[in-house]
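Here, each number is a calculation from the coordinates, and none is a lab measurement. This is a predicted model, so every value here is computed, not measured. Positions of Cβ are generated from backbone atoms using ideal geometry, with glycine treated the same way; all protein chains shown enter the neighbour counts.
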Amino acid sequence: ATQEVDLLCIGAGGAAYPAAFRLAKAGHEVLMVDPKGVMSGNCLYEGCVPSKAVRETVALYDDVQRFQSLGLQGHIAVDFAALMQHKDAVQSRRYAQHAEELAATPRIRLCKGVARLLDAHTVAVDSDQGTDTYRAAHILIASGSDVFLPPLPGAELCLTSHDLYKPGPALQSLPDEMVIIGGGYIGLETATFFARLGTRVTLLQKGERILAGMDPAMVDQLLTLLPAGLQIHTDVEVQRVEDQAGRRQVVWRDQGREVSQSVDVVVLAVGRHPVIPEGAESIGIELDHHGIGVGSALQTRYPHIYAAGDVNGRVPLFHAAVRQSLVVAHNILAGNVPTDYADFSQVPTTVFTLPAAAYIGLTPDKAGSGALLEAQYSFKEDARAQILERREGEIRLFFEPDTLRLKGGWIVGLDAGSLIGQIGTALAAGMTAYDLARFADQHPMSAEGVSKAARSLF
Ligand code: ADP
């Protein structure tokens, strides 16, 4: 028999559960379907959280090493297996926390299974128990994204971010040599983690630029600060990966020349692609070049079918998915009449390399030269940066020249992933350089650099 629900979420990641909880709290019956059988999607399974559990441990190791001559003594070694256990423990703790939240909320169920659309209101769920069908008043497609596997000979010999960061990861000891294919943020982050731990890492990027699509001034500055053990080759084309008695031989072309290197591990990080649930296209849901096509109210061509998060590909980041999920909830509660809209242009993005870079809003590469007034603050002169011996990098803020309204910013270096939140809050509040300059930001913390950058204009 077909069961009735008010909202059916395809997926249980960041794009799904905020809407699920909000609707359940408003009295609606909600079903989330996810083959993982747990909440949080890929962010917790293999993405943001486990990769940062690794990153922050490596960052601590790095700090201790830097302070060997600055007040700390003694030798510290990395136990890679223990580091992976720490990562796994963070994941288990968060899964348990989410399970408790779910159990404490009436009217939400999570079903372990895969959903497919039969028609605009009917969803089939395939699970170990067989197939169930549901009639849903509203559907939220939140099926996320997955690692893109290119048709590269030997791709199956490579590890991906899924293998590296999933619970019970593939690597349990530190490799001596590694090739990373792909110069996007996932490849570059992973490259810096392993390079800081002592692996000799070669990163191969097909295009001319690393972190293509991000402000070149930010990227160029970041590139000068990356670990010494990391070699980057751009404009190269990987031909194949071969097995060589358990080792991996990577063959690539560099300016017409064939080059090869034998390493312990090859990581393939050439992007992610949206996961489109079966049936979506046959009921007429349209795709664009990002994923499922939606406007800022997140509706598909059916007003009661929404697509949020990585599956629409607009801003494939967890926090963007969470906000989009709430937009969906608000629009459902308003009777599928758009009342709330996602702002795709103001989402903080951090590249969690060692050191990190972060940006938000409009940057000069997008605005065109001279369109924005720039303000700058270098960490060279910053108290906290000097205390921590982290004097490299800077904060840049971009303002509309006439009004001095904040339009965007970036940070390379110290506390970038936190500072971008402060700049983002100012941006969301519509603040100007005057507002930022008037604020007595705290000394000696890195955030005072935001006010100081603004003050440099006056
Ligand atoms: P987002 O951040 O957009 O929520 P995630 O990739 O973190 O994206 O989460 C999406 C979740 O949706 C993943 O856990 C994935 O396994 C799940 N999923 C993908 N396809 C389906 C499907 N057809 N039915 C149910 N769940 C799905």
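Note down the net charge around Pro274, summing +1 for each Lys or Arg and -1 for each Asp or Glu among other residues with Cβ under 15 Å from its Cβ. Could you put the intermediate results ahead of the total?
Working: positive: Arg272, Arg314; negative: Asp146, Glu278, Glu281, Glu286, Asp288, Asp310.
Residues near Pro274 contribute -4 overall.
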Spin-label point model (7 Å from Cα, Cβ direction): what's the Ser282 to Ala170 distance in nm? 3.3
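How long are the three semi-axes of the equivalent ellipsoid of the stretch 46-128, in whole Å, if each is the root of 5 times an eigenvalue of the C-alpha gyration tensor, listed from largest down?
Details: eigenvalues 386, 40, 24 Å².
For the stretch 46-128, the semi-axes come out at 44, 14, 11 Å.
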How much net charge surrounds Trp410 when only the other residues with a Cβ under 14 Å from the Cβ of Trp410 are counted, with Lys and Arg +1 and Asp and Glu -1? -3
Looking at the stretch 1-149, send over the antiparallel percent of its DSSP beta bridges, to the nearest 5. 40
In units of 2.2 N^0.38 Å, what is the alpha-carbon radius of gyration of the stretch 203-327? 1.44
In the stretch 34-158, with Lys and Arg counted as +1 and Asp and Glu as -1 at Cβ, which of these residues, Val54, Met39, His138, has the Cα nearest the positive end of the dipole, that is, farthest along it? His138
Which loop trypsin sites (Lys or Arg not before Pro) in the stretch 249-328, with loop taken from DSSP, have no more than 13 other Cβ atoms within 10 angstrom of their Cβ? Arg301
Taking R0 as 41 Å, what's the FRET efficiency between Phe344 and Gln68 from their Cβ-Cβ distance, rounded to 0.05? 0.35
When the chain is fully extended, how far beyond the present Cα-Cα distance does Leu326 get from Ser262, taking 0.36 nm per residue of separation? 18.2 nm
In whole Hz and in residue order, list the ³J(HN,Hα) couplings for the stretch 414-424 that follow from phi through the Karplus curve 6.51 cos²θ - 1.76 cosθ + 1.60, θ = phi - 60°; x for Gly and Pro. 2, 6, 3, x, 8, 4, 5, x, 5, 5, x
Averaging over every viewing direction, what projected area does the convex hull of the Cα atoms of the stretch 159-213 cover, in nm²? 4.0
Efficiency by 1/(1 + (r/R0)^6): what FRET value for Asp79 and Arg405, r their Cβ-Cβ distance, R0 = 51 Å, to the nearest 0.05? 0.55
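Return the percentage of antiparallel bridges among DSSP beta bridges fully within the chain, rounded to the nearest 5 %.
In the chain, DSSP labels about 60 percent of beta bridges as antiparallel.
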Work from the charge dipole of the stretch 1-131 (Cβ charges, +1 for Lys and Arg, -1 for Asp and Glu, about the Cα centre) and give the residue of Gln68, Gly11, Leu110 farthest towards its positive end. Gln68
Once both labels are modelled 7 Å past Cα along the beta-carbon direction, what's the Asp243-Met445 spacing in nm? 5.3
With just the Cα atoms of the stretch 144-277, tell me how far they stretch along each of the three principal axes, in Å, largest first. 41, 41, 32
Distance cut-off 19 Å, percentage of C-alpha pairs in the stretch 89-153 lying past it: 57
Output the direction-averaged projected area (hull surface divided by four) of the convex hull of the alpha-carbon atoms of the stretch 342-458, in nm². 7.0
Debye equation applied to the C-alpha atoms of the stretch 27-88, log10 I(q)/I(0) at 0.27 Å⁻¹: -1.10
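Can you give the helix-only mean residue ellipticity at 222 nm for the chain, where every DSSP H stretch with n ≥ 4 adds -39500 (n - 2.57) and the sum goes over all residues, rounded to the nearest 500 deg cm²/dmol? Walk me through the numbers before you get to the answer.
Values: 13 runs with 136 residues, N = 458.
Calculated mean residue ellipticity at 222 nm is -9000 deg cm²/dmol.
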Determine the principal axes of the Cα atoms in the stretch 105-199, then give the extent along each, sorted from largest to smallest and rounded to whole angstroms. 54, 35, 25
When the Debye formula is applied to the Cα atoms of the stretch 334-409, each taken as the same point scatterer, what base-10 log of I(q)/I(0) results at q = 0.11, 0.16, 0.20, 0.26 Å⁻¹? -0.42, -0.74, -0.96, -1.18
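Could you calculate the FRET efficiency of Leu60 with Glu100 from 1/(1 + (r/R0)^6), where r is the beta carbon distance between them and R0 is 22 Å, rounded to 0.05? Don't jump to the answer; show the numbers that get you there.
Working: r = 29 Å, r/R0 = 1.32.
For R0 = 22 Å, the calculated efficiency reads 0.15.
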Pull up all non-local amide H partners of Leu110: gap of 5 or more, or a different chain, and H-to-H distance under 5 Å with H placed in the peptide plane. Met32
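How many percent of the alpha carbon pairs in the chain exceed a separation of 36 Å?
On the way: 37060 of 104653 pairs.
Of the Cα pairs, 35 percent sit more than 36 Å apart.
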Note down the net charge around Ala375, summing +1 for each Lys or Arg and -1 for each Asp or Glu among other residues with Cβ under 11 Å from its Cβ. +1
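Which translational diffusion coefficient, to the nearest whole µm²/s, is obtained for the stretch 257-304 from the Stokes-Einstein equation, given a Kirkwood hydrodynamic radius over C-alpha pairs, 37 °C and 0.692 mPa s?
Working: Rh = 14.4 Å.
Answer, rounded: 228 µm²/s.
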